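Asker: Handing you this structure, nothing more for now.
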Amino acid sequence: MAIQTITKDNFDAQVKNQAGPVLLDFWASWCGPCRMMSPILEQFAQLHPEVAVGKVNVDEQRELASAFGIESIPTLCVVQGGKLVRQAVGVQTIPQLENLMK
């Protein structure tokens with residue numbers, strides 16, 4: 001499944017109304033660790049097409065970042081039914097992402 005760009009306008013359709021959990025990457029273009037995380041997330045999405053993956057640009061989506069209490073980036077959040085279930089801060093490996101999704 002392709003990685004979706006998540007905004008406050010499509011949050012309900014892409015995240016809140018999903019049947020399963022969604023992995024959200026809160027990031028910014030100026031963030032070095034975020035740029036390191038991007039290819040790892042792409043590879044994770046290819047290995048796990050059953051997982052919905054979305055990216056939230058914190059500079060453009062301040063309202064969503066605030067709603068999730070994002071203070072550091074990259075922050076990866078597992079969201080189910082629009083609610084935060086688990087999160088991890090910093091660059092994560094594919095095994096760490098797989099563990100986060102359990």
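Asker: How high is the relative contact order of the chain? Use alpha-carbon pairs under 8 Å, at least six apart in sequence, and give a whole percent.
Answerer: Values: 182 pairs, mean separation 38.7, N = 102.
It comes to 38 percent, rounded to a whole number.
Asker: How large is the charge dipole for the chain, taken about the Cα centre, if only the Cβ atoms of Lys, Arg (+1) and Asp, Glu (-1) carry charge, to the nearest 20 debye? Could the numbers behind the result be given before it?
Answerer: Working: 8 positive and 10 negative charges, 39 e Å.
Roughly 180 debye for the chain.
Asker: Rounded to the nearest 0.05, what FRET efficiency is calculated for Glu50 and Glu71 with R0 set to 30 Å and r the Cβ-Cβ distance? Display every interim value, and only then the final one.
Answerer: On the way: r = 30 Å, r/R0 = 1.00.
The computed FRET efficiency comes out at 0.50.
Asker: Same structure again: Output ³J(HN,Hα) for segment 66-81: one whole-Hz value per residue in order, computed from phi by the Karplus curve 6.51 cos²θ - 1.76 cosθ + 1.60 with θ = phi - 60°, and x for Gly and Pro.
Answerer: For segment 66-81, the Karplus-derived couplings read 5, 4, 9, x, 6, 10, 10, 10, x, 10, 10, 10, 9, 10, 10, x Hz, x marking Gly and Pro.
Asker: Now a separate question. Restricting the count to DSSP beta bridges whose residues both fall in the chain, what percent are antiparallel, rounded to a multiple of 5? It would help to have the intermediate numbers written out before the result.
Answerer: Working: 11 of 19 bridges.
In the chain, approximately 60 percent of DSSP beta bridges are antiparallel ones.
Asker: Treating the beta-carbon of each Lys and Arg as +1 and of each Asp and Glu as -1, no other charges, what is the dipole magnitude of segment 19-75 about its Cα centre, to the nearest 20 debye?
Answerer: In debye, rounded to 20, segment 19-75 gives about 80.
Asker: For the chain, what does the helix formula give at 222 nm: sum of -39500 (n - 2.57) over DSSP H segments with n ≥ 4, over the residue count, nearest 500 deg cm²/dmol?
Answerer: Using -39500 (n - 2.57) per qualifying helix, the result is -8500 deg cm²/dmol.
Asker: Taking every eigenvalue of the Cα gyration tensor of the chain, multiplying by 5 and rooting it, what semi-axes result, largest first, whole Å?
Answerer: Values: eigenvalues 59, 57, 29 Å².
They are 17, 17, 12 Å, listed largest first.
Asker: Another one. Write out the GluC sites (Glu not before Pro) in segment 33-99 meeting two conditions: DSSP loop, and at most 14 other Cβ atoms within 10 Å of their Cβ. Display every interim value, and only then the final one.
Answerer: Numbers: sites: Glu42, Glu50, Glu60, Glu63, Glu71, Glu98; in loops: Glu50, Glu60, Glu71.
Filter output for segment 33-99: Glu50, Glu60, Glu71.
Asker: Can I ask one more? Set the Förster distance to 30 Å, then compute FRET efficiency between Arg62 and Val91 from the Cβ-Cβ distance, nearest 0.05. Please report the intermediate quantities before stating the final value.
Answerer: On the way: r = 23 Å, r/R0 = 0.75.
Calculated value: 0.85.
All of the numbers you see were taken from the coordinates with simple rules; none came from a lab. Here the structure is a predicted model, which means the values were calculated and not measured. We place every Cβ from the backbone using ideal geometry, glycine too, and count neighbours over all the protein chains shown.
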